[in-house]
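Read through the structure below, which is laid out as structure tokens, and then see the notes.
No lab work stands behind these numbers, since they all come straight from the coordinates. Note that the structure is a prediction, hence the values are computed from the model and not measured. Here the Cβ positions follow ideal geometry from the backbone for every residue, glycine too, while neighbour counts run over all protein chains shown.
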Amino acid sequence: MELIFLPIGFFIIALVYSSVGFGGGSSYLALLALGIFSLAFPVIRSTALFCNIIVVTGGAIIFYKEGMLLFKDVWPYLISSIPAAYIGGFWPIKEQTFFILLGITLVLVPFLLWFQPKKNDRSKKPAIPENNSVKVILGISIGLLSGLVGIGGGIFLSPILHFLRWSEARKISALASVFILVNSISGLAGQFYRGVPEMKLSFLLPLLVAVFIGGQIGSRLGARKFDPLYIKRITAVLILIAGLNILKDHL
């Protein structure tokens, strides 16, 4: 069942998430954590990060070529989140604790996706003044959570930046893409330092192919074909159901 259902699900997730600048890690986790697959949680964490890397690499390259990625804008987030994500990936975490943390994360994420402003009005003053200290704090906190759970963190960072009104939508998507990329690599490195989980190539390869194809299609369609707000809200409902189901099974 997993050889058929998971690649199809991962393809759809990658297509949808890449269209709004995300990697899809939270939804990969939601699917992989379903009891019908009986996967070990180290495999769940690593698989989600591998898929994140495949999806957002293409998006980050596209944004860079378009001039949307500027070092002066991204460095405070990256220098603080990379070591934090590594620590989160390396940190020894019990299976029960992991699933509870994952469930809580999947319950919180939908609210961030749902209650985003329809349009980022740059004519308004920022909610708080933009400064590097706040960026570093955001990088550390989101990076640590990303490493622990096995996501890239862009799904937290992007809504926060929209609410703060620190940048325009396209630049926020560009920042989210590179943020997810570096945190996924760092978190995966932290996990692998503790030991590489037993992952069969016959399991991982179809998922990587599926998210690569979905991510390439989604990144090209983008907001030209999809309404990103409604995509995020539909996804939010599905993630909330998955998060509540995980908490029900592990609390």
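Quick notes on this structure:
- For region 2-250, a simple Cβ point-charge model (Lys and Arg +1, Asp and Glu -1, everything else neutral) yields a dipole of about 720 debye relative to the Cα centre.
- Remark: region 136-146, residue by residue, has Karplus-estimated 3J(HN,Hα) of 5, 4, 4, x, 5, 5, 6, x, 5, 4, 4 Hz, where x stands for each Gly or Pro and the curve is 6.51 cos²θ - 1.76 cosθ + 1.60 at θ = phi - 60°.
- Extent along principal axes [Cα atoms of the chain; Å; largest to smallest]: 50, 37, 34
- Integer Hz, Karplus 6.51/-1.76/1.60 couplings in order for region 51-63, x for Gly and Pro: 5, 4, 4, 4, 6, 7, 4, x, x, 5, 5, 4, 5
- Kirkwood Rh (inverse of mean 1/r, distinct Cα pairs), region 121-251, angstrom: 17.3
- Mean separation of Cα contacts under 8 Å (6+ apart) over length of the chain, as relative contact order %: 40
- When shorter helices are ignored and each DSSP H run of at least 4 residues is given -39500 (n - 2.57), the per-residue value for the chain at 222 nm works out to -26500 deg cm²/dmol.
- Convex hull (Cα only) mean projected area of region 6-54, reported in nm² to one decimal: 3.1
- Each label was represented as a point 7 Å from its Cα along the Cα-to-Cβ direction; for residue 193 and residue 170 these points are 3.8 nm apart.
- Pairwise centroid distance, computed over Cα atoms, of region 41-79 with region 233-251, Å: 25
- With 0.36 nm allotted per residue and the present C-alpha distance subtracted, the residue 200-residue 79 stretch has 40.2 nm of extension available.
- Between the alpha-carbon centres of region 2-24 and region 98-116 there is a gap of 18 Å.
- Note on residue 111/residue 209: beta-carbon distance plugged into 1/(1 + (r/R0)^6) with R0 of 25 Å gives a FRET efficiency of 0.15.
- FRET efficiency estimate (nearest 0.05) - Cβ-Cβ, residue 130 to residue 40, R0 35 angstrom: 0.25
- Computed FRET value (nearest 0.05) for residue 250 with residue 141, which takes r as the C-beta separation and R₀ as 25 Å: 0.60
- Over 20 Å between alpha carbons, listed pairs 94/135; 94/248; 94/200: 94/135; 94/200
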